[in-house]
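These notes concern the structure reproduced below.
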Amino acid sequence: MKRKNNFFILCLVCGMAVATTVSAQVKLVLREDNIEEILNAMTIEEKVSLLVGGPGNLMPGAAGYTREIERLGIPMTVLADGPAGLRIQPKREGTEETFYCTGFPTSTLLASSWDPELVETVTTAMGNEVLEYGVDVLLAPGMNLHRNPLCGRNFEYYSEDPLLSGKMAAAYVRGIQKNGVGTSIKHFAANNQEINRLENDARVSNRALSELYLKNFEIAVKEGKPWTVMSSYNKLNGEYTQQKHGLLTTVLRGEWGFNGIVMTDWGVKDNTVKAVKAGNDLMEWGKQVEIDRILAAVNSGEISQEELDRNVRNMLNYIVKTPHFRHYNYSNKPDLKAHAEVARKAAEESIILLKNEGTLPLNGNEKVALYGISSVDFVGIGTGSGWVNTEHIANMQEAMTEVGFILDENLAEYYRLCYATQNTTEKMNGNSIDKRHRPESSVTAQAIERQAATNDVAVFVLGRVAGEGADRVVPDDFELSAIEREMLQNISMSYHKLGKKVVVVLNIVGVIETASWKHLVDAIVLSWAPGQEGAYAVSNVLCGKVNPSGKLPMTFPINYMDSPSSKNFPYTWDMTKGRRGERKNVDFTDYAEDIWVGYRYFQTNDVEVSYPFGYGLSYTTFAYSKPTLKANVDGFTATITVKNTGKVAGREVVELYVSAPSGNLEKPTRELKAFAKTKLLAPGESETLTMKVSAYELASFNEATSSWETAAGTYQVLFGASVEDIRATASFRLGKAQAWKVQDVLGMSEE
Ligand code: BGC
């Protein structure tokens, strides 16, 4: 009996062991440390399915998904848009619960802060919403350069300068990813216009690519380490970026060390196979035809096992980092109240004061005639996939009233009525709201005259909206409309006659013409599209609770055609005839201006502008000390002390430009190489700022040798309050030229 029992126990133990082995085989599931084992266990079909996004309903309003493989414990992951906040559907069937997200300031405004730490604070909060709403990757930041003022998506992007753009994007990525969710820096690369955005071929020199259009991505990859990169819709020098091996593999992974996944932008292109081979791991939003194509190519050997496994391995490495893989129990309850505060403060730290002739700050209790349809139809965010479903976007009427201003009630009511009755197209277009801004509502000269008599000051909010899928135009957009111009003239005349001031708030998504009308007004506040709380931030700047410290991340030219890229933007403008010029650059766009974009062009060629790059005023003044410089072969470290010499507390951005010896290359007279912002300095207080620039960062790209090169000679280091306002200088000598060779893989394809 005893023996029998023992035998029985033995059988039980063995049986269990057998069962465990069997179930272990059956239950092989993905872990962080068994990716190779999973790769070996996957069928070809499973591998291919992981490379193509798929449908899903995990998250209403999300832009896309990666496919689940249940058998191997590979979860579906969720991708949703940004960059001004998370974009998901706020209401769902069968529940009263809402899923609103915070509308943070748009990227152009964040860049105007020149404060990467601030950006990281903003995106730490934003990333918490991504996590708590159950999303794995935020499809942001957008970081194409502002090549031309009319690009419809410029508000989603940062700057005309690659250093500022790259630093902002890196900070953005760090903040989001701190939450254990991912980002997708986009659109890689040279996606600088919306017209024919799916097919346009951007033809760009290696030098302009290296120094400008890829430089910001390089900085973001190296300093932010994004989980994912989104290849753009367009072609670059003859090939779709998603199919350009040199771009996605040689440069992005080989030279910059990127080790995440590359996903396409949202559409199917011919030649999916070429995209796979180029190193584009994930096809979004993903269609069966792409699976079929990849499968056929794997079976025929056109895609090798190594190539397939390389991309699948990247996908698995991505998936094990995601909240869905970790079974994160998201709350659907991010702290929207706290995040609204973050959004407001960020706008306050970024708003730019463009003009101020003894006008601002106001006391905060004045009687204000608040003009402009945008005072009600306030532009918090742009349209398209960059739109965020916030619960509410504060407008200037409510914000100024809350601050304590006394609004002219008849005028306020007039605009509320216009807002309510004007016919605008506001439709749900897929998940994005295609929201057209209301045209300006006219106020007669007589009414303005009356309002001037009974109010202390006029504030005119000028608005512009734009977004994905269309570029802006010159008349009634880049330039003021006839109604806006007439009203500005009448307001200027009536108020100035009575010794009263006129303030303009520019609530715009991109650069507009200012040179012809700025003399009519006493102060101009540039808020860009400042997010859901932005109107409060503007009001706090107007009344002096906040001292503005933002600076321009791009140049405001006098005329549209002054921007060199305007000659090669689809929308050209015939200045002599005052109408639309030749429409070209639709099939392909010659980036004929090469590296001469923004201030690199204006400054070097001494072309007058309306407001220069890096410009912005304060309610206080700052003095710059004599700088110190320590240089060696590896680069230099500069310090400079900034003192608040005025009467109110404020922050100052110091911009460090370098004027390099030419060597064999033509170079801009100055280029931004570093920047730093002081803390809030009390009157009389000083702070010493330190800025470092490496030798590599001083180099220019030589196409003839395909290398980054520094020239020997004297380097001037300029410390500016803008690119034109240099407050201190220093110099150092580089005894020996240096070079960093790279592969020549970005040029025109033979196809
Ligand atoms: C846009 C991307 C966006 C994607 C998903 C595309 O049309 O270009 O920026 O992330 O849609 O919504």
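Here are the numbers for this structure:
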read-out	value
Relative contact order (%) - the chain, alpha-carbon pairs under 8 angstrom, separation at least six	14 percent
Kirkwood Rh (inverse of mean 1/r, distinct Cα pairs), segment 580-675, angstrom	17.1 Å
Efficiency of FRET between Arg579 and Ala447 - r from beta-carbon atoms, R0 45 angstrom, step 0.05	0.90
Karplus-derived 3J(HN,Hα), 6.51/-1.76/1.60, for each residue of segment 605-615, Hz, glycine and proline x	9, 6, 8, 5, 10, 7, 9, x, 3, x, 8
Gain upon complete extension [Lys626, Lys647; 0.36 nm per residue less C-alpha separation]	5.3 nm
Listed pairs Lys355/Lys673; Lys47/Lys277; Lys345/Lys551 exceeding 20 Å between Cα atoms	Lys355/Lys673
Positive dipole terminus of segment 55-138, leading residue within Pro60, Val137, Pro116 (C-beta point charges)	Pro60
Per-residue ³J(HN,Hα) for segment 623-636, Karplus 6.51 cos²θ - 1.76 cosθ + 1.60, θ = phi - 60°, Hz, x for Gly and Pro	10, 9, 7, 5, x, 10, 9, 10, 10, 8, 5, 8, x, 8
Heavy-atom accessible surface of the chain: percent carbon and sulfur, 1.4 Å	51 percent
Sequence-distant aspartates and glutamates (8 or more away, or on other chains) whose Cα lies within less than 15 Å of Lys91	Glu391
Paramagnetic reach from Tyr330 (point 7 Å along Cα→Cβ, amide N under 19 Å) across segment 165-208	173-185
Alpha-carbon centroids, segment 544-620 and segment 159-201: separation in whole Å	20 Å
Other-chain or far-sequence residues with amide H under 5 Å of Phe188's (modelled H)	Met230, Ser231, Ser232
Qualifying trypsin sites (Lys or Arg not before Pro) in segment 27-63, DSSP loop, other Cβ atoms within 10 Å at most 13	Lys27, Arg31
Backbone HN-Hα couplings from phi across segment 56-73 [Karplus 6.51/-1.76/1.60, Hz, Gly and Pro as x]	x, 9, 4, 9, x, x, 5, 7, x, 9, 9, 7, 8, 10, 4, 3, 10, x
Segment 651-668 and segment 358-383: distance between their alpha carbon centers, rounded to Å	37 Å
Amide H contacts under 5 Å for Ser159, placed H, 5+ residues apart	His146
With eigenvalues of the C-alpha gyration tensor scaled by 5 and rooted, the chain, Å	47, 32, 26
16 Å Cα-Cα reach of Lys584 towards aspartates and glutamates, excluding residues that sit fewer than 8 places from it in its own chain	Glu194, Glu199, Asp201, Asp471, Asp574, Glu593
For the chain: accessible area per residue (Å², 1.4 Å)	38 Å²
Other-chain or far-sequence residues with amide H under 5 Å of Thr106's (modelled H)	Ala529, Gly531
Neighbour cut-off at most 15 other Cβ (10 Å), DSSP loop, trypsin sites (Lys or Arg not before Pro), segment 264-336	Arg326
Unit charges at the beta carbon, dipole of the chain: most positive-side option, Ala660, Gly499, Pro323	Pro323
Among beta bridges that DSSP assigns inside the chain, antiparallel share in %, nearest 5	65 percent
Qualifying lysines (Cα of each under 18 Å from Cα of Lys647; at least 8 residues distant if same chain)	Lys545, Lys679
Alpha carbon convex hull of segment 639-751, projected area averaged over orientations, nm²	9.3 nm²
Dipole magnitude of the chain about its Cα centre (Cβ charges: Lys, Arg +1; Asp, Glu -1), debye to nearest 20	1460 debye
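The values are calculated or read from the model by the stated rules, or taken from the named source; none is laboratory data. Since the structure is predicted, the reported quantities are computational estimates derived from the model, not experimental observations. Cβ sites come from the backbone with ideal geometry, for glycine too, and all protein chains shown count toward neighbours. All accessible areas refer to the heavy atoms of the entire protein, side chains included, with ligands and DNA or RNA removed. Shrake-Rupley method; radii C 1.70, N 1.55, O 1.52, S 1.80 Å.
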